[in-house]
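Have a look at the structure below, then the notes.
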Amino acid sequence: MRKKIPVGLLGATGTVGQRFVQRLADHPWFELTAVTASERSEGKTYAQAARWRLASPLPERVASMRLLPSGGEISCRIVFSALDATAARELEPAYAREGKWIFSNASAYRMEPDVPLLIPEINAESLSLVERQQRERGWKGAIVTNANCSTIILAMALAPLHQRFGVEKVFVTTMQALSGAGYPGVPSLDILGNVLPDILEEDAKIERETAKILGKTTGESIEAAPFLVSAMTYRVAVEDGHTESISVLLSRRADASELLAAWREFRGPENVRALPTSPKTPIVYLEAPHRPQPRRDVDTQSGMAAVIGGLKACPLFDWKFTALGHNTVRGAAGASVLNAEYAASKGLLD
Ligand SMILES: NC(=O)c1ccc[n+]([C@@H]2O[C@H](COP(=O)([O-])OP(=O)(O)OC[C@H]3O[C@@H](n4cnc5c(N)ncnc54)[C@H](OP(=O)(O)O)[C@@H]3O)[C@@H](O)[C@H]2O)c1
């Protein structure tokens, strides 16, 4: 058996950090060997510093690991980042400069023209931006990002439609889970029996990141997809799983059966399908009425699928439907792990 690759994790104690710990526990290629958090947690064991919130038990091996300072020495080439954007902006480039490959969940570098905003099933070729990044910035390593959690679900739902019919306009309204705000997140008195509109900067992230992901990679740059996206975002009292109400105008007319076929047949490139974290089918369409629902469908394909339902004709645009995805899995830790698997499978991390 091949020896596992040691990996580090920045921001290991937070909501996304915990999901990484869970998903890396039995990973066939990667072994978590270094964890960091803020100064508050430095020197404590993981079990002392993290309020473990996941249903599966905290892996014993990680419980006793000491938290290192974020920004300090880490002896692994692959480093996952679950830092907030401010810390990421400062710390990630320093690691990349010295030769680490950072697979980041933070928004800090997502929109830089030389940084891949990767969903391997959709834009695997965008990983080639790394060559320009290393050359122009003089880095031995690299930063590879995944998108905002709502953007990933939207981009997955749109990709098969954009590939087959072209997308012209999109209107999306999100209903985002509490775990999307990190821990402790939104105070209970603000959210119980309530809905909070206009999540900070989220609309703009969804609008610009979707166009980058579904854009064209030509050589070492990306031409953003020309369609218009209008997003409105809401926080709701759901633990995990972002639900999105999506209306779409297509470039060419297509009937419902063509849309369903586009989603059902969507697979992504063959070399991505073979990766350990790849879902069998990236998109699952549910025929049953009133689905998808976060409580019932969020863990579809181990949380790595975008789950779609309720396709109907739209009196304003062409079609409307509902999409759901696990925000800390497909929208964060699972997405990053898949990105690292893809880079490893291309021999970039050797
Ligand atoms: N939650 C989601 O669904 C989601 C989805 C996609 C992307 N993201 C992104 O993922 C990142 C993490 O989100 P989260 O929800 O996990 O946040 P979180 O629960 O607040 O966790 C933040 C983590 O960063 C550490 N940290 C905070 N300030 C730091 C500093 N100045 N220096 C070093 N470490 C610091 C914290 O350590 P301590 O425990 O010591 O405070 C903790 O480990 C963010 O960039 C977020 O935008 C989140």
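The values are calculated or read from the model by the stated rules, or taken from the named source; none is laboratory data. Predicted, not measured: the structure shown is a model, and the values here were computed from it. Every residue, glycine among them, receives a Cβ derived from its backbone with ideal geometry; neighbour counts consider all protein chains shown. The protein model used for the area step is the full one, side chains on, heavy atoms only, and it has no ligands, DNA or RNA in it. Shrake-Rupley method; radii C 1.70, N 1.55, O 1.52, S 1.80 Å.
The GluC sites (Glu not before Pro) found in the range 267-350 that occupy coil by DSSP, while having at most 12 further C-beta atoms within 10 Å, are E287.
For S104, the amide hydrogen comes within under 5 Å of the amide hydrogens of S81, V144, T145, N146, counting only partners 5 or more places away or on other chains and with H modelled in the peptide plane.
The simple spin-label model puts a point 7 Å past each Cα toward its Cβ; for E39 and A224 those points are separated by 3.7 nm. Residues whose amide H lies under 5 Å from that of A50, counting only those 5 or more places away or on a different chain, are absent; hydrogens are built 1.01 Å from N in the peptide plane. Would you calculate, for the chain, the mean residue ellipticity at 222 nm contributed by helices, counting each DSSP H stretch of 4 or more residues as -39,500 (n - 2.57) and dividing by all residues, to the nearest 500? For the chain, the value works out to -8000 deg cm²/dmol. For the range 13-33 versus the range 68-100, the inter-centroid distance based on Cα atoms is 16 Å. Rounded to the nearest 20, the Cβ-based charge dipole of the range 204-350 about its Cα centre (Lys and Arg +1, Asp and Glu -1) stands at 240 debye.
Accessible surface of the chain, 1.4 Å probe: 51 percent of it comes from carbon and sulfur atoms. When the square roots of the Cα gyration tensor eigenvalues are ordered a ≥ b ≥ c, the ratio a/c for the range 1-106 is 1.5 or more and a/b does not exceed b/c, which makes its shape oblate.
With a 10 Å radius around each residue's Cβ, average the other Cβ atoms per peptide and rank 59-70, 198-209, 98-109, highest first.
98-109, 198-209, 59-70
Only aspartates and glutamates eight or more places from K140 in sequence, or on another chain, were considered; those with a Cα closer than 14 Å are E92, E98, E131, D350. Specify whether the C-alpha gyration tensor of the range 219-302 places it in the rounded, prolate or oblate class, a ≥ b ≥ c being the square roots of the eigenvalues: rounded for a/c under 1.5, otherwise prolate if a/b is larger than b/c and oblate if not. It comes out rounded by the Cα gyration axes.
When you restrict to C-alpha pairs under 8 Å that are six or more residues apart and normalise by the size of the range 1-155, the relative contact order lands at 20 percent. Its relative contact order, with pairs defined as Cα atoms under 8 Å and 6+ residues apart, puts the range 163-266 at 49 percent. Take every pair of alpha-carbon atoms less than 8 Å apart whose residues are at least six positions apart; their mean separation over the length of the range 113-201 yields a relative contact order of 20 percent. Taking the Cα centre of the range 12-136 as reference, the dipole from Cβ charges on Lys and Arg (+1) and Asp and Glu (-1) amounts to some 420 debye. Under the membrane-span-like helix rule (DSSP H runs whose alpha carbons stretch at least 20 Å along the helix axis, mean Kyte-Doolittle hydropathy 0.0 or higher), the chain yields 149-164. Ligands, DNA and RNA are left out, and with a 1.4 angstrom probe the accessible area of the chain is 44 Å² per residue. Applying a threshold of 24 Å to the alpha-carbon distances of K4/K100; K169/K205; K3/K280; K212/K312; K4/K44 flags K3/K280; K212/K312; K4/K44 as lying beyond it. Pull out a ≥ b ≥ c, the square roots of the eigenvalues of the alpha-carbon gyration tensor of the range 20-69, then state rounded if a/c is under 1.5, prolate if not and a/b is larger than b/c, and oblate in the remaining case. Oblate is the answer for the range 20-69, as a/c is 1.5 or above yet b/c matches or exceeds a/b.
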